[in-house]
Amino acid sequence: MSKALDGVKILDFTHVQSGPTCTQLLAWFGADVIKVERAGEGDATRAQLRDVPDADSLYFTMLNHNKRSITLDTKNPKGKEVLETLIKQCDVLVENFAPGALDRMGFSWERINELNPRMVVASVKGFGPGPYEDCKVYENVAQCAGGSASTTGFDDGPPMVTGAQIGDSGTGLHLALGIVAALYQRNTTGRGQKVLAAMQDSVLNLCRVKLRDQQRLDRTGIMKEYPQYPDTPFGETVPRAGNASGGGQPGSILKCKGWETDPNAYIYFITQAPVWPAICKVIGREEWITHKEYATAAARLPHLKAIFATVEEWTKTKTKFEAMDILNVYDIPCGPILSMKEIAEDQSLRATGTVVEVDHPTRGKYLSVGNPIKMSDSISEVTRSPLLGEHTEEILLDVLGFDAAKVTEFMAAPGLGGARVAAG
Ligand code: COA
């Protein structure tokens with residue numbers, strides 16, 4: 001079966017998380033992703049958070065599936081020559097170096113465009129143009145600068161970052177879409193272009209509902225869907241809303257049976273308006289169906305805390321899965337709080353390929369996420385991440401068209417990056 005991005009060659013200059021997420025997605029859609037790394041060390045994440053001595057870390061393996069690895073010193077004149085040839089052969093260059101690093105290497109946009117006017121040059125940076133454009137940025141910095149941290153957590157606590165890597169993986173997703181769009185436009189213009197996804201911008205894009213709420217607050221001074229209402233006065237900025245949805249369908253996290261000992265015995269429960277009568281029946285409060293203080297969504301807003309406390313008395317008598325089974329019969333929107341252990345063991349996620357088991361020559365079997373985007377005519381198969389420089393020879397031969405003598409010369413020059421690896 002063919003793949004959506006068959007024939008697309010990506011020169012992958014990414015490292016850590018944001019860029020590799022992007023190129024891994026493109027690889028899952030069938031692009032040939034050639035990861036360029038420095039000989040000897042490679043992507044710093046290979047050695048970070050190691051759980052198996054001397055094996056590539058899960059941090060690295062889980063972000064670099066389906067790629068090939070070439071080692072190359074791009075600051076050495078001979079290495080530069082190889083890189084120039086790669087630029088001429090590939091469709092897209094993706095990088096997430098610190099601002100200016102690619103220019104310092106001698107590969108400005110102008111130079112790349114001169115070498116290959118059809119090349120799409122895609123970058124992740126921490127910030128777009130402006131006062132912070134030269135800053136180095138990691139995940140939590142982006143969460144803070146993009147508005148997520150100030151709106152996450154509880155009202156009486158400090159700003160909070162989330163476990164979902166919206167700064168890194170979120171920006172990688174944005175960049176991948178930009179690249180595919182640029183390739184599509186190239187079909188008509190014949191030209192490449194620059195694509196930039198700034199981490200601050202991507203986080204803000206994912207936090208847009210809070211910018212919505214800021215403007216509602218500016219205009220009305222109050223937000224009845226927030227847990228501060230009606231007891232706590234609002235200030236000038238969108239407050240942290242805890243686990244409240246804060247949107248049109250009020251929701252909250254409620255305790256379930258076993259919560260005293262199990263930190264994840266909780267369920268997210270949404271009081272969606274159309275199923276209000278069903279909710280009242282399930283929790284044994286049928287009088288609320290017609291009571292004037294509970295019958296409509298608007299009337300319920302000042303009583304949300306009391307309503308959720310009552311629903312919780314019911315959820316505490318059920319496990320989160322029992323509650324799910326009962327509530328789903330009535331189409332009441334709810335979701336169990338799943339631990340990573342439960343997700344790792346979930347057979348339905350394995351069946352869809354959302355969680356996959358991968359074998360690796362030095363670390364053995366491990367779990368990873370598969371492509372979360374499912375396409376009927378472009379099926380993703382997850383293959384293991386490459387060892388450092390595993391495909392150097394192969395790429396020199398197949399992609400660059402080097403003859404055997406030139407390959408041997410390159411491989412004999414470890415300074416260039418050509419040290420051989422055992423693929424295992
Ligand atoms: N051969 C020779 N040199 C290489 C090379 C190769 N194959 N690959 C990388 N390098 C060099 C670069 O040219 C650069 O050198 P320079 O600083 O002398 O110009 C250096 O290695 C690495 O650059 P840098 O990106 O600054 O790495 P860092 O570890 O100091 O910073 C980040 C890491 C993530 C903070 C930074 O890259 C960054 O801010 N990136 C953009 C935002 C981002 O993606 N953040 C999220 C990361 S998950």
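Amide H to amide H, which residues 5 or more places from Leu196 or on other chains are under 5 Å from it, using H placed in the peptide plane?
Amide H neighbours of Leu196: Ser123.
Helix by helix through the chain, keep the DSSP H runs that span 24 Å or more along the axis on Cα and average at least -0.5 on Kyte-Doolittle, and give those back in order.
169-189
If amide hydrogens are placed 1.01 Å from N in the peptide plane, which non-local residues have theirs closer than 5 Å to the one on Cys256?
Here the answer is Tyr266, Ile267, since their amide H atoms fall under 5 Å of that of Cys256.
Assuming R0 = 35 Å, what is the FRET efficiency of Leu49 and Leu397, from their Cβ-Cβ distance, to the nearest 0.05?
0.55
Can you pull the semi-axes for the chain, root of five times each eigenvalue of the Cα gyration tensor, sorted largest first, whole Å?
Semi-axes, largest first: 49, 25, 18 Å.
State the number of lysine pairs found in region 107-254 whose Cα atoms come within less than 29 Å, restricting to pairs 8 or more positions apart or on distinct chains.
Close lysine pairs under the 29 Å cut-off: 6.
Relative to the present Cα-Cα distance, how much length would full extension add between Arg212 and Lys78 at 0.36 nm per residue of separation?
Stretched fully, the Arg212-Lys78 segment lengthens by 43.0 nm.
Determine the dipole magnitude for the chain: charges of +1 sit on the beta-carbon of Lys and Arg, -1 on that of Asp and Glu, nothing else is charged, the reference point is the Cα centre, and the result goes in debye to the nearest 20.
Computed charge dipole of the chain: roughly 600 debye.
Would you mind working out the accessible area per residue for region 136-265, using a 1.4 Å probe, and quoting it in Å²?
Per-residue accessible area for region 136-265 comes out at 55 Å².
Counting pairs of alpha carbon atoms under 8 Å apart in space and at least six apart in sequence, what relative contact order in percent does the chain give?
19 percent
Select from Val52, Val311, Val36 the residue whose mean-square fluctuation is largest in a Gaussian network model of the chain (Cα-Cα springs shorter than 10 Å).
Val52
Tell me, what % of the accessible area of the chain is carbon and sulfur with a 1.4 angstrom probe?
55 percent
Quote the charge dipole size of region 63-198 about the Cα centre in Debye, to the nearest 20; the model charges only the Cβ of Lys and Arg (+1) and of Asp and Glu (-1).
Computed about the Cα centre, the dipole is about 700 debye.
Can you give the calculated 222 nm mean residue ellipticity of the chain, where each DSSP H run of n ≥ 4 adds -39,500 (n - 2.57) and the sum is split over every residue, rounded to the nearest 500 deg cm²/dmol?
The helix-only estimate for the chain comes to -9500 deg cm²/dmol at 222 nm.
Averaged per residue, what accessible surface does region 298-355 expose to a 1.4 Å probe, in Å²?
The answer is 54 Å² per residue.
Compute a Gaussian network model of the chain, connecting alpha carbons closer than 10 Å, and tell me which residue from Gln193, Gln24, Gln215 fluctuates the most.
Maximum fluctuation in the GNM of the chain, among the listed residues, is at Gln215.
With springs only between Cα atoms under 10 Å, which of Thr232, Thr310, Thr319 fluctuates most in a Gaussian network model of the chain?
Of Thr232, Thr310, Thr319, the Gaussian network model singles out Thr232 as fluctuating most.
For a protection proxy built on the mean count of beta-carbon atoms within 10 angstrom, sort 130-141, 55-66 highest first, please.
Taking the mean over residues of other Cβ atoms within 10 Å, the ranking is 55-66, 130-141.
Can you pull the one-decimal nm distance between simple spin-label points at Tyr138 and Ser245, each 7 Å off the Cα toward Cβ?
So the two model labels end up 3.6 nm from each other.
List the residues, sorted by chain then number, that are 5 or more residues from Val120 or on another chain and whose placed amide H is less than 5 Å from its amide H.
So Val120 has HN proximity to Val92, Leu93, Gln193.
Please list, in order along region 111-118, the HN-Hα scalar couplings obtained from phi with the Karplus expression 6.51 cos²θ - 1.76 cosθ + 1.60 (θ = phi - 60°), rounded to whole Hz, x for Gly and Pro.
Using θ = phi - 60°, the values come out as 5, 5, 5, 5, 5, 8, x, 8 Hz.
The values are calculated or read from the model by the stated rules, or taken from the named source; none is laboratory data. Values in this document were obtained by computation on a predicted structure and should not be read as measured data. Quick reminder, even Gly has a Cβ in these numbers, built from the backbone with ideal geometry, and neighbours come from all protein chains shown. Just so you know, the surface numbers come from the protein's heavy atoms only, side chains and all, with ligands and any DNA or RNA stripped out. Shrake-Rupley method; radii C 1.70, N 1.55, O 1.52, S 1.80 Å.
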